[in-house]
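The next block holds one structure in the form of structure tokens; read it before the comments.
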Amino acid sequence: GKTTLLYSLLSTLDSGVETAYVNNPALPVDQILQAILADLGVGGHGSTKLELLNALNDFLIRCAERRVAAALIFDEAQVLSDEAFEEIRLLLNFENYDQKLLQIILVGQQELAIRLQSWRLRQLADRIAIRSRLEPLTNDDSRKYIAHRLEASGGSANLFTKQALRVIAKKCRGIPRRI
């Protein structure tokens, strides 16, 4: 699913990209900022929101000077509070004269798309440049996915009959986690 794709993306990035991966966005905003800075390896930043934001801004400026992109990735973003969404929107204001200093990737369940349609989040939604959605697997892809997972775990792709595979694909509606 989406988290597997995120890990795949993160594994392909080189030293030209600094990333912070937030997998528990249900935290209060100050703790999210602390988690971001910790993941970026920024220490000695203080504890107030202003100190945390200043530390992040300083880090982003250093990245820009080295021509290194900086990205924040929020998994399960649908659970972010409205306050956290607003803070994310404000983080997008980190910029210098000729470039944005921070890219933000929001990844979540279908509820994320629904939340971003709300009036309260319209300013953030307006700033989203790229939207993508993972569609459920087809029946054929579901059968291939099952075969792959069985073989990856040392099992045999022939464990299930074709009829059983059709039933699994139908009942799981193409959602890998359900499969």
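The values are calculated or read from the model by the stated rules, or taken from the named source; none is laboratory data. Values in this document were obtained by computation on a predicted structure and should not be read as measured data. For neighbour counting, all protein chains shown are included, and Cβ atoms are generated from backbone atoms with ideal geometry for every residue, glycine included. Surface areas here come from the heavy atoms of the whole protein model, side chains and all, with no ligands, DNA or RNA. Shrake-Rupley method; radii C 1.70, N 1.55, O 1.52, S 1.80 Å.
Observations on the structure shown:
- Of the criteria (1) closer than 26 Å to residue 13 by Cα; (2) assigned to a loop (DSSP other than H, G, I, E, B), which one residue 174 fails: (1)
- Residue tally, condition among the aliphatic types (A, V, I, L, M), open to solvent by less than 30 Å² (accessible area, probe 1.4 Å) and closer than 13 Å to residue 22 by Cα, over region 70-98: 7
- Selection of region 140-166 for residues being surrounded by 13 or more Cβ atoms within 10 Å (Cβ to Cβ) and not hydroxyl-bearing (Ser, Thr, Tyr) yields 141, 143, 144, 146, 147, 149, 150, 157, 160, 165, 166.
- When the residues of region 11-26 are filtered to those that are without any contact (Cβ under 8 Å) to a residue 24 or more places away in the chain and not acidic (Asp, Glu), the one that is surrounded by the most Cβ atoms within 10 Å (Cβ to Cβ) is 13.
- Criterion: part of a loop (DSSP other than H, G, I, E, B), hydroxyl-bearing (Ser, Thr, Tyr) and loosely packed, with under 15 Cβ neighbours inside 10 Å - qualifying residue of 8, 47: 47
- If the condition is being over 22 Å from residue 175 (Cα atoms) and charged (D, E, K, R), then region 118-157 contributes 120, 122, 126, 127.
Rundown of residues vs (1) within 28 Å of residue 98 (Cα to Cα); (2) modelled with pLDDT of 95 or more; (3) β-branched (Val, Ile, Thr), yes/no style:
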position: 14; (1), (2), (3): yes, no, no
position: 19; (1), (2), (3): yes, no, yes
position: 24; (1), (2), (3): no, no, no
position: 27; (1), (2), (3): no, no, no
position: 44; (1), (2), (3): no, no, no
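- Restricting attention to region 115-128, the residues that are without any contact (Cβ under 8 Å) to a residue 24 or more places away in the chain and farther than 20 Å from residue 22 by Cα add up to 5.
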